[in-house]
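The values are calculated or read from the model by the stated rules, or taken from the named source; none is laboratory data. Since this is a predicted model, take the numbers as computed values, not measurements. Positions of Cβ are backbone-derived with ideal geometry, glycine not excepted, and every protein chain shown enters the neighbour counts.
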Amino acid sequence: MLKTVTRKSVLLLAALLLPACYVDAHEYTKGHLAIAHPWSMELPPNAPTVAAYFVISNAGPDADRLTGVDSPVAGAAQLHEHVNKDGLMKMQQVQTVDIPAGGEVKFAPMAYHVMLLDLKDRSKLRDGQSFPLTLHFEKTGDVTVDVQVQKQAPDDAPPVHAH
């Protein structure tokens, strides 16, 4: 009898704590890589593209490389960066992004970001929704994250500029 009560208590406690774990579980890890707080800004329904942002940390002794991305909500996904060219900020596609050993790379407005093109499932691009994004790494392999769509950028994000 005591064994049954204890088991039920443990299951009940686990069920109650699971939502709290999910809320805080906005970081994804695989091997030495961690991808923190993937997010995207809600845009008007007719926006032709949407960007996704996150931070990749590499706690390992070896560098890795992000070689591509894809998502079922878009026909194409590209890695982009902003560069200062002749005094003007310009966005350009990049083929890969190096993730240094013991370092981190921020994907943020006016920096590296994922550009999603040929949008398919716009129902997932509204505030409070999320969509899957798979990051392809040279050494670590694939990591799929859920990108949270928000009305506004997080407080620590640089200003967002539409593409």
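Here is how the numbers come out for the structure above:
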{"item": "Among (1) out of contact with any Phe, Trp or Tyr (no Cβ under 9 Å at 6 or more places or on another chain); (2) within 14 Å of Pro38 (Cα to Cα); (3) part of a strand (DSSP E or B), the one test that Gln78 misses", "result": "(2)"}
{"item": "Test: residue in the stretch 64-75 that is assigned to a strand (DSSP E or B), touching an Asp or Glu at 6+ places or on another chain (Cβ under 9 Å), of a type in the set (D, E, K, R) and surrounded by 12 or more Cβ atoms within 10 Å (Cβ to Cβ)", "result": "yes"}
{"item": "Filter result for the condition that a residue is surrounded by 14 or more Cβ atoms within 10 Å (Cβ to Cβ) and either at pLDDT 95 or above or touching an Asp or Glu at 6+ places or on another chain (Cβ under 7 Å) (or both), over Thr140, Thr96", "result": "Thr140"}
{"item": "Near pairs, Cβ below 6 angstrom, 6+ apart or cross-chain, from the stretch 117-132 (touching a residue at least 12 places away in the same chain (Cβ under 8 Å)) to any residue that is surrounded by 13 or more Cβ atoms within 10 Å (Cβ to Cβ) and among the basic types (Lys, Arg)", "result": "Phe131/Lys124"}
{"item": "Test for Asp118: is it surrounded by fewer than 14 Cβ atoms within 10 Å (Cβ to Cβ), at negative phi and at pLDDT 95 or above", "result": "no"}
{"item": "The stretch 32-60, residues that are in a loop (DSSP other than H, G, I, E, B), more than 13 Å from Glu104 (Cα to Cα) and of a type outside the set (Ser, Thr, Tyr)", "result": "Glu42, Leu43, Pro44, Pro45, Asn46, Ala47, Pro48"}
{"item": "Selection status of Ala153, surrounded by 14 or more Cβ atoms within 10 Å (Cβ to Cβ), within 12 Å of the chain's Cα centre (by Cα) and closer than 14 Å to Phe54 by Cα", "result": "no"}
